[in-house]
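Comments concern the structure below.
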Amino acid sequence: MKKTKIEKIAVLGDGAWATTLAGVASKNGHDVMVWSVFPDYLDELDRMRENKVYMPGISIPQGVVFEKDLSKVISGSDIIIFAIPSKFFRAVAKAIKDLHLPLKGKIFVNVAKGIEQKTLKRMTEVIKEELGNVKTAVFSGPTIASEVARGLPALIVASAKEKDDAKRIQEIFSNEYFRVYTSTDVLGVEMGGPLKNIIAVVAGISDGVGFGSNAKAAILTRGIVEIQRLGSAMGAKKKTFTGLAGLGDLSTTCISPESRNRGFGERIGKGEKMEDIVKKSNAIIEGATTTEAIYQMSKKYGVEMPITEQVYKILYENKDPKKAIFELMTRERKAE
């Protein structure tokens with residue numbers, strides 16, 4: 001594999017995916033700084049070289065530098081990875097804006113799979129609203145963090161408006177176990193993650209109430225239809241949703257026992273309440289918060305999304321999961 005030039009990379013966030021991406025970039029020979037809103041936890045990460053809360057048992061390369069000074073991190077990096085949950089995303093973007101640093105030429109890469117609830121904005125839209133006309137990109141696909149961190153094979157897609165920006169991210173992260181493809185359909189790649197999270201919640205609910213593989217296959221198949229409907233209505237390329245950021249990510253999240261969204265849905269299916277699950281979780285469950293935003297977007301764009309509608313009613317109107325699935329099964333009969 002050809003040698004790439006050494007890049008200066010910032011990773012904003014301290015979760016599983018943040019430290020995993022930092023580790024991949026560092027092992028590939030790049031200069032990496034990690035910043036978090038929790039300085040004390042940065043000290044622990046630096047001391048232990050292990051993310052004990054979100055990624056126990058995985059060593060963080062010595063080359064990864066943990067830095068508390070956001071100004072130093074942004075000014076000293078050319079690629080800034082936003083590994084920040086959607087609900088906190090704008091606050092971090094505002095913090096960068098308040099630094100009044102020159103940002104020209106830097107690429108801000110979103111890896112969060114969520115939608116801002118009140119505004120229904122995508123994360124790259126939030127970045128541009130706060131930071132102006134900066135370069136943005138999206139990095140998404142079927143990537144369970146713990147598997148990537150252990151060096152197990154995984155594929156992902158880097159998407160940017162400019163092909164060269166996507167290729168640059170591809171060069172930074174590609175190696176023998178982490179294969180990166182490129183795309184210019186930023187909208188499609190960015191919407192794939194939030195949309196598949198909702199379908200993953202349904203897959204978990206199906207597991208929780210004791211349904212079988214037939215039901216899971218039906219959920220994935222009809223789920224990708226809903227994803228394509230909304231994505232296409234928004235202007236994304238339909239084929240993007242049959243690729244890594246769509247069907248690929250959907251499959252992993254619906255099947256993996258490590259998927260937070262599927263696991264969340266399973267607990268809902270077993271009778272637990274959303275508020276209690278979220279309160280007890282030490283990580284953000286994007287599917288729990290994104291469902292409301294996607295439901296509102298389906299109304300905005302006039303798109304029929306029966307699965308999403310039923311998940312919304314289960315989570316926000318306390319509808320019985322079995323009744324919701326019964327209603328899906330007994331909808332008006334139609335051709336596929």
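The values are calculated or read from the model by the stated rules, or taken from the named source; none is laboratory data. Because the structure is a prediction, the values reported are computed rather than measured. Virtual Cβ from ideal backbone geometry, glycine too; neighbours counted across all protein chains shown.
Please verify whether VAL311 is of a type in the set (A, V, I, L, M, F, W, C), part of a loop (DSSP other than H, G, I, E, B) and assigned by TED's automatic domain parsing to the domain that holds ALA218, treating the condition exactly as stated. In short, no.
Being of a type in the set (S, T, N, Q) and surrounded by 12 or more Cβ atoms within 10 Å (Cβ to Cβ) is the filter; apply it to the range 305-335 and report the residue that is farthest from SER86 (Cα to Cα). Write out each step before concluding.
Step one: filter the range 305-335 for residues of a type in the set (S, T, N, Q), giving 308, 310, 318, 330.
Still in the list and also surrounded by 12 or more Cβ atoms within 10 Å (Cβ to Cβ): 308, 310.
Values: THR308: 19, GLN310: 23 Å.
Applying the filter and picking the extreme gives GLN310.
Only residues that are hydroxyl-bearing (Ser, Thr, Tyr) and over 18 Å from SER159 (Cβ atoms) were counted in the range 183-226, giving 3. Flag: SER36 does not match the condition of being touching a Leu at 6+ places or on another chain (Cβ under 7 Å) and surrounded by fewer than 19 Cβ atoms within 10 Å (Cβ to Cβ).
Kindly provide the set of residues from the range 224-255 that are in contact with a Pro (Cβ under 7 Å, 6 or more places away or on another chain) and either within 19 Å of PRO306 (Cβ to Cβ) or β-branched (Val, Ile, Thr) (or both), ordered by number. Lay out the reasoning, then the answer.
First, the residues of the range 224-255 that are in contact with a Pro (Cβ under 7 Å, 6 or more places away or on another chain): 244, 248-249, 251-252.
Correct list: THR252 only.
Residue check: ALA283 meets all listed conditions (1) small (Gly, Ala, Ser); (2) part of a helix (DSSP H, G or I); (3) under 16 Å from the mean Cα position of the chain (by Cα) but one, namely (2). Taking the criterion of being surrounded by fewer than 17 Cβ atoms within 10 Å (Cβ to Cβ), outside any loop (DSSP other than H, G, I, E, B) and either of a type in the set (D, E, K, R) or more than 22 Å from the chain's Cα centre (by Cα) (or both), the residues of the range 66-92 that qualify are SER71, LYS72, SER75, LYS87.
May I ask you to say which residue of GLY287, GLY246, GLY271, GLY302 is out of contact with any Gly (no Cβ under 6 Å at 6 or more places or on another chain) and either surrounded by 15 or more Cβ atoms within 10 Å (Cβ to Cβ) or within 30 Å of TYR181 (Cα to Cα) (or both)? Steps first, please.
Working: GLY246 fails: out of contact with any Gly (no Cβ under 6 Å at 6 or more places or on another chain); GLY271 fails: either surrounded by 15 or more Cβ atoms within 10 Å (Cβ to Cβ) or within 30 Å of TYR181 (Cα to Cα) (or both); GLY302 fails: either surrounded by 15 or more Cβ atoms within 10 Å (Cβ to Cβ) or within 30 Å of TYR181 (Cα to Cα) (or both).
On inspection, the qualifying residue turns out to be GLY287.
Do we find that LYS239 is surrounded by fewer than 23 Cβ atoms within 10 Å (Cβ to Cβ), at pLDDT below 95 and in the same structural domain as ALA200 (by TED's automatic domain parsing) in this structure?
Numbers: surrounded by fewer than 23 Cβ atoms within 10 Å (Cβ to Cβ): yes; at pLDDT below 95: no; in the same structural domain as ALA200 (by TED's automatic domain parsing): yes.
No, not satisfied.
Scanning the range 93-140 for residues being buried (at least 21 other Cβ atoms within 10 Å of the Cβ), touching a strand residue (DSSP E or B) at 6+ places or on another chain (Cβ under 7 Å) and in a helix (DSSP H, G or I) gives a total of 3. Scanning the range 6-46 for residues that are touching a strand residue (DSSP E or B) at 6+ places or on another chain (Cβ under 7 Å), in contact (Cβ under 8 Å) with a residue 60 or more places away in the chain and either assigned to a loop (DSSP other than H, G, I, E, B) or of a type in the set (A, V, I, L, M, F, W, C) (or both) returns GLU7, ILE9, ALA10, VAL11, LEU12, ALA16, ALA18, LEU21, VAL24, ALA25, HIS30.
Among the candidates ALA145, ALA95, ALA91, the residue that is hydrophobic (A, V, I, L, M, F, W, C) and closer than 28 Å to SER251 by Cβ is uniquely ALA145.
Of the candidates SER281, SER298, the single residue that is in contact with a helix residue (DSSP H, G or I) (Cβ under 7 Å, 6 or more places away or on another chain), touching a residue at least 12 places away in the same chain (Cβ under 8 Å), under 22 Å from CYS254 (Cβ atoms) and not β-branched (Val, Ile, Thr) is SER298.
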